[in-house]
Every structure is written in structure tokens, then in C-alpha cells.
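Notes follow once the structure below has been shown.
Just so you know, all these numbers are worked out from the coordinates, no wet-lab data involved. Note that the structure is predicted; figures quoted are calculated from it, not measured. Every residue, glycine as well, gets a Cβ built from its backbone with ideal geometry; the counts of neighbours run over all protein chains shown.
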Amino acid sequence: MAKLPPYTTPAGYTWHYAYLVICGLIFMFLIFPLMVIMPLSFNASPYFTFTPEMLSLDPTGYSLRWYQDFFTNPNWQGAVKNSFIIAIFSTLISTFLGTLAALGLSRPNFPFRTTIMGILISPMIVPLIISAAGMYFFYSRINLQGTFTGVILAHAILATPFVLIAVTATLVGFDRNLTRSAASLGAAPMRVFFRIIVPLITPGVISGALFAFVTSFDEVVVILFVGSYRQRTIPWQMFSGIREQISPTILAVASILTVISICFLTCIELLRRRNEKHRGIRTT
Amino acid sequence: MRKINNINNNQEILTTADGVPLKASLNRALRRERNISLLLVTPLFVFVLIAFLFPIADMLFLSVDNKIVVEKLPRTVPLLADWDETGTVLPDEQIYKALVQDINAGTVDKTILRLGRRLNFEQGGMSSLFRRSVRKLKRLKEPESYKAATIRIHRKWGDLATWRLIKRLSGKFTPTYFYSAVDGGVDKAGHFVRNPENQRIYLKLFVRTILLSLLITLFTIILGYPISYLLATLPTKLSNLLMILVLLPFWTSLLVRTTSWITLLQREGVINDLLVWIGVVDNAHRLTMIHNQIGTIVAMTHILLPFMVLPLFSVMKTIPPNYMRAARSMGATQFRAFLRIYLPNTVPGIGAGCILVFILSIGYYITPSLVGGTSGTFISNLIAYHVQGSLNWGLGAALGTMLLMFVLALYVLYDKVVGLDNIKLG
């Protein structure tokens, strides 16, 4: 696609450039909605659209008031705190359990591997609304509905499949001879684990943990059912904000979240490269 | 670690250094290995089982669970077994006495009103019947005839339909929630009948959910195919850069993307403003693009597009460019070469992407509820409504069961086409 072959006909040229324009439009469709909210979040007036002052680049048309609102409003600050508490604890639980299970499942001769894998990744398969309703009934009955414990457990459940998949991926094609040779050189099983297996799976564990964190941080269906105002997270607050009184503070929050996801994306990409370098895999 | 004891060659059984037969020793080692593997998986397995699968199974059970009638009317229900519900005679005095005792017993902790609410899902007016009865029966002191007194309190107790309903629902399990979920009910003889055309909502909503999801899937192919092709054929450096444009929306919060579309599509939004400014649309007749099906389709196509691009991209990456060159060299036009060579090779990717997008789309809740208005909502929104709003949990569970079965069937299909093991992240 980079260079057109010399036998290209004029129609071929036209089609090629038309195609590039179409692709450009599709990329615009993908990225434009995310970009448009950023300037709008600096709007001085409480509208969701560009005011004439903004279009004429008049400084009075811009302000940081919505960011100020976000950083001072106790509703939002509580949400930020809760989001981090819930995401951190559920990430810890899901990363620990998910990594253990991935190690177990990747060992040779594991019985009923496919079935068990299917069960373990079921939280990713079942539609969220059904998981949310099921947990809502169950947690209400055991008095966990509307508690941090309940929300953290629910999020940990939703996040484990991602950890499991990410760690399993690093163990695919894992050379068993590495552990065997370590053992034959006299390393105890624990030592083999920490010196051979841990360095190999670390990128998978970290990227799984990042996925788990983002899953919990972004999760909005289950928290609406299992959580209450006291466990409000950023998505919870955004959802009720959009439903009830929509204010441009939501745009400020959305812009901040977009910047955070850009950072996450960079982390994941760096990890992926590191993993490939470590294992000597080159993508062409 | 284990040395084979080969010193004595006459010995038939190979043993380890400590004299255990090699076969047994190996088996033991393998068993230990397997036990360790199982031990590693057990914590997560138990966690998922208790905190996820059990709650879901428990909820699905609500869709057939009906023990409330037997529980709240423990004296009445056994007596009703002998009453002929097809006849035209009301139950006798004994049953009315049992009913009064049951209601009075349930009044103490007010739980009897729950039964009224349950019966109200099947037939209107039941809730108020029970509320009134609870109020009045308290003052009822040893009447001459329980039957006459009860009917005086509310004439519905003298209505055969009320008793038929109670008798019909006196089993521990009931299919009635599923009947409601497919827009049906039962006639006097207890057979399934469909509701009149204008009262059918749930099946219509199922059909709408499926149609909209198909449409969204179609749009994601139309938009996803060209850019996947571009990404797969560009040099790695450039395509990695463009890939960010696909991955960024993928990684951005769902609510952020939904918010953006609200900003863009609403009446006073960016797109309408732009159209008015260009002069395509008159200021008084701004387009309504949100809180209807257009809003749902546009926003969800955007949200699910990466799920189509990623599988397509990974398949296209494996197609050698020489195939197309060969076709061209043998005289095929670009279009023909594409149609006959490239497209068939990408079918696995299209299949994987379609099923994935369709599965995700059919269970969507947040976006339809924020931008869908009334015409663009999905079946999930109704499930949520019945769980949190109307408290008709049985019906919510029945709808949920149907949705879950549908999704699981699609996953089996996905497993056959792609294999669940091939799910990749990012």
C-alpha cells in the first residue's frame, strides 16, 4: 500500500486516493468525538457546544471553572477517592488469584483445561446486566450490597478473566526446559519459581493488572447495582450526572480520563515491546 | 534427580535409587504435579463459583420460583386442592376460614402484602385486594360466616377468577414469568395464550435488540474493513502509529465516549450547530439525533468498532501480499482479485469480529439507556427496570435467562469459529 505498483491504471490511482480519504474519515470518526470534548471542557459558559467567544478565540470564552468544580466538589472528590480504593483492592485480589490460576492452567496435563478455563473466564462472557442483577440479589441477601467489600469483590470477579488471559499469553510456548535445567543445576522449586518463572511472566502480570485496574476504574453497570452513593466511583457519578443535571464538569472529567487512558495505552505498549524483546519474538 | 538403578541388569523392573519401581515413582511425581496445578487453580475457581456463578444461577432460579404463595397461604393452599376450579361454585366456608387465618398470620410482619404484589403481576387489583383485606380483617371477630364476611370486605373474594388465580399459582414453581416474558398469559383453562397485538412489548424489544445489534455489526464491518486493510498493509512503523487511533477509543472509558456523542449529537450540539452554520439545516428544524435509535446506533458503532478492527487486523496481517500480486499477474482486475482472493481469506476475521461485536452489543446497557431514549433501548434496560424499578424480579430473571441463553449459544458458535482460547487483549 505504501507505493503503488507501476502498472496502476488512472482509475486505480483515483480509487487509491479515494480509499485513503475514506480511511481518513473513518479515523476521524474514531478519534474526533474524543478530541472534541477537550476544548469544550474549557468552555466558560455552561453549554455543551462552542460559543461564539470560543470560536473567535476570545480568552474570556475559556475558563477552568469546570476543572475547578471537579477538584473542589465533594461529590467528585469522593468519587475519585472511591474509584482508586475500589480499583486498587480489586486489582490486588484479581491479580493474585488470576496469576495463580494461570500458572496452574499452563502446566502440562491439566485435566479438563478447556472446561475450567471456560468457567474462569465466564465473568467476561456473561452480559454485564445479568452479572449485575445476579450479584445485586446475592449481595443484598448476605448484606454486602452497598458496602465497599461487596463492590471490591464484584469488581475483582469481573477483572480476573483479563489477568488470566494476559498471564496465560506470556506462558504460551513457555520452554519447560528452562525450569528443568534450573532444577538440574540444583535450584529448589521456590528458587526456580522466583528466578525463572517470575521474570518471564512479569510483563503479563503487569499488563493483566493494568487491565484489571481499568476494568474496575471504568466499570459502571455492576457498581450501579451493587454499590450505593457511599461507594460512588467516577463512572457512577458520571452516569448519574448525565441522567440528572448534566453539567460541563462531566466534560472536564471526561477529558482528564482521556488523558489518563493515553498514559495507560503508552504503558501497555511499552510492556508489550519489553515482553517481545525478552522472549526474542519479533513481529514483522 | 532420580537415578535409574541400572546396576543389576537381570532385574526386570527399573527402580529409582531408593528402590521404588520407576513406574510408580513417575506416576507419583506426575500426580504431585497435577495436584499442584489443581491447587493453584482452586482459589480462583472457588471464588468464581461462590461469588459469581452461584449468584447468577440463584437469580435465574427466581424466574420459576413461586414458593411465596405456598409460604404465605399455608392453610388455604392444601384445602384448595380439592376445589374444582373449572366449576362455577365458590370455595366453601372452610377455605375462607383458612384464608382469614393465613392473612391474619401474615399481617403481623406485613409480609402478606408481598403476596398481593406477586399476584398483582398476573392480575391487576390483587395488591389493593390484599391491602384492604389486611386492614379490615383485623377487626373481624368470630363472624357467623367467614365466607360472607370476607366477600363483604372485598367483592373480589367472591369472584371465581381470584380463586382460580390462587389455585393456579399454588405450585412451588411457575412458568408464568416466562409466559409474560414472551408476551403471553394463561386463559381460564390454564393454557398459554398470547397477549393482544397492542400489548406485546418484550418480544418486540428482543427483536429490536437483535435488529439494532445486527445493524451495528454491519456498520462496524463497513467502517472496520477499510481501516483494518490499511493498517495491515502499511509499513509497521506507520501502522503502529495509526493503530493508536484505534486503541485510544478502545481504552477510553465507555462513559467518556457516550458523553462525547451526547455533546456531538444533541439538538444544541456540535453537529447541529455546524449544520446550521453551513446552512444545510434551518435553525428552527435542528435534527433530532439523540434519544432515539440513531443515537444508539451511532454511539455503539463507535464504541464497538475497535472490537471489529482488532480481529480483522490480525487475520489480514497473515495474508501474504503475493496472493493479490499473483491474481493481478494472471489478469484479474484489482476489484476481481480483491473479491476472489483477498475477501475469502479474511472471512475468519470477519466471522470473529461479527460474533464478538454482536455478542457485546446485544447485552449493552449503559449507552442505550443514556442515548437511546425510548425507541433506542435494549432488552437489558428492561431487565434493569424490572430488577430495580418495578421489583418484578421473576419477570426480570426470566428476561435475563432468555438473554443469557442467547448469548451463550452465540459463544458456542464463537468457540466453534474462532476458539475461546484465541481471545486476545488489546
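Give the span of region A:10-61's Cα atoms along each principal axis, as three whole-Å numbers ordered largest to smallest.
Largest to smallest, the principal-axis extents are 51, 20, 12 Å.
If the limit is 29 Å between Cα atoms, which of B:K67/B:K156; B:K110/B:K147; B:K172/B:K416 go over it?
Numbers: B:K67/B:K156 23 Å; B:K110/B:K147 23 Å; B:K172/B:K416 38 Å.
Table pairs above 29 Å Cα-Cα are B:K172/B:K416.
When you look at the Cβ of every residue in A:104-111, what mean number of other chain Cβ atoms sits within 10 Å?
Per residue, the number of nearby Cβ atoms from other chains is 5 on average.
Roughly what would the spin-label model give for B:T111 and A:Q245, points 7 Å off Cα along C-beta, in nm?
4.3
Please list, in chain and number order, the residues 5+ apart from A:N43 or on another chain whose amide H is under 5 Å from its amide H, with Hs placed from the backbone.
Excluding prolines and chain starts, which carry no amide H, the hits are A:S63.
Contour minus end-to-end for A:N143 and A:Y62, with contour as 0.36 nm per residue of separation and end-to-end as the Cα-Cα distance? Show your work: numbers first, answer last.
Values: separation 81, 0.36 × 81 = 29.16 nm, distance 4.74 nm.
Stretched out fully, the A:N143 to A:Y62 stretch lengthens by 24.4 nm.
How far is helix B:202-233 tilted off the main Cα axis of chain B, in degrees rounded to 10, range 0 to 90?
The helix B:202-233 is inclined about 10 degrees to chain B.
Taking chain B as the reference, fit the longest principal axis to its C-alpha atoms, fit the long axis of helix B:22-48 to the helix C-alpha atoms, and give the angle between the two in degrees, 0 to 90, nearest 10.
Taking the Cα atoms of chain B, the angle to B:22-48 is about 60 degrees.
Pull out a ≥ b ≥ c, the square roots of the eigenvalues of the alpha-carbon gyration tensor of region A:28-151, then state rounded if a/c is under 1.5, prolate if not and a/b is larger than b/c, and oblate in the remaining case. Let's see the in-between values first.
Details: a/c = 3.01, a/b = 2.11, b/c = 1.43.
It comes out prolate by the Cα gyration axes.
Give me the distance in nm between label points sitting 7 Å out from Cα along the Cα-to-Cβ direction at A:V80 and B:W277, one decimal.
With each label point 7 Å from Cα toward Cβ, the separation is 3.2 nm.
Can you give the mean number of other chain Cβ atoms that lie within 10 Å of the Cβ atoms in peptide B:397-405? Please list the in-between numbers first.
Working: counts 4, 0, 3, 6, 1, 0, 4, 7, 0.
Mean shielding count: 3.
Using amide H atoms built 1.01 Å from N in the peptide plane, name the residues 5+ places from B:T15, or on other chains, whose amide H lies under 5 Å from its own.
B:N5, B:L22
So, in Å, what gap is there between the alpha-carbon centers of region B:150-216 and region A:197-261?
Between the Cα centre of region B:150-216 and that of region A:197-261, the gap is 40 Å.
Would you grab the residues whose amide H sits under 5 Å from the one on B:G184? Only those 5+ places off in sequence or on another chain, please, with H modelled 1.01 Å from N.
Distant-sequence amide H within range of B:G184: B:N195.
Got a sec to turn the phi values of region A:194-204 into Karplus ³J(HN,Hα) couplings, 6.51 cos²θ - 1.76 cosθ + 1.60 with θ = phi - 60°, whole Hz, x for Gly and Pro?
Those phi angles translate into 6, 8, 10, 6, 4, x, 6, 8, 3, x, x Hz.
Output ³J(HN,Hα) for region B:75-87: one whole-Hz value per residue in order, computed from phi by the Karplus curve 6.51 cos²θ - 1.76 cosθ + 1.60 with θ = phi - 60°, and x for Gly and Pro.
With the stated coefficients, region B:75-87 comes to 8, 6, 4, x, 5, 5, 4, 8, 7, 8, 6, 8, x Hz.
Taking the Cα atoms of region B:1-158, report the difference between the largest and smallest coordinate on each principal axis, in whole Å and largest first.
103, 30, 28
Using Cβ contacts closer than 10 Å as the measure, can you line up B:R28, B:R208 from fewest to most?
On the way: B:R28 11, B:R208 17.
With the sparsest Cβ surroundings first, the list reads B:R28, B:R208.
Sorted from fewest to most neighbouring beta carbons within 10 Å, what does the list B:F173, B:F338 look like?
Details: B:F173 11, B:F338 14.
By the 10 Å Cβ count, ascending, the order reads B:F173, B:F338.
To test your reading of the geometry: what angle, between 0 and 90 degrees and rounded to tens, separates the Cα axis of helix B:93-107 from the longest principal axis of chain B?
Relative to chain B, helix B:93-107 is tipped by roughly 60 degrees.
Take the eigenvalues of the Cα gyration tensor for the protein assembly as shown, scale each by 5, and report the square roots as semi-axes in whole Å, largest first.
Details: eigenvalues 526, 324, 135 Å².
Listed largest to smallest, the semi-axes of the protein assembly as shown are 51, 40, 26 Å.
Measuring from label point to label point, each 7 Å out along Cα→Cβ, what is the A:I31 to A:W15 span in nm?
Taking the simple label geometry, A:I31 and A:W15 are separated by 2.8 nm.
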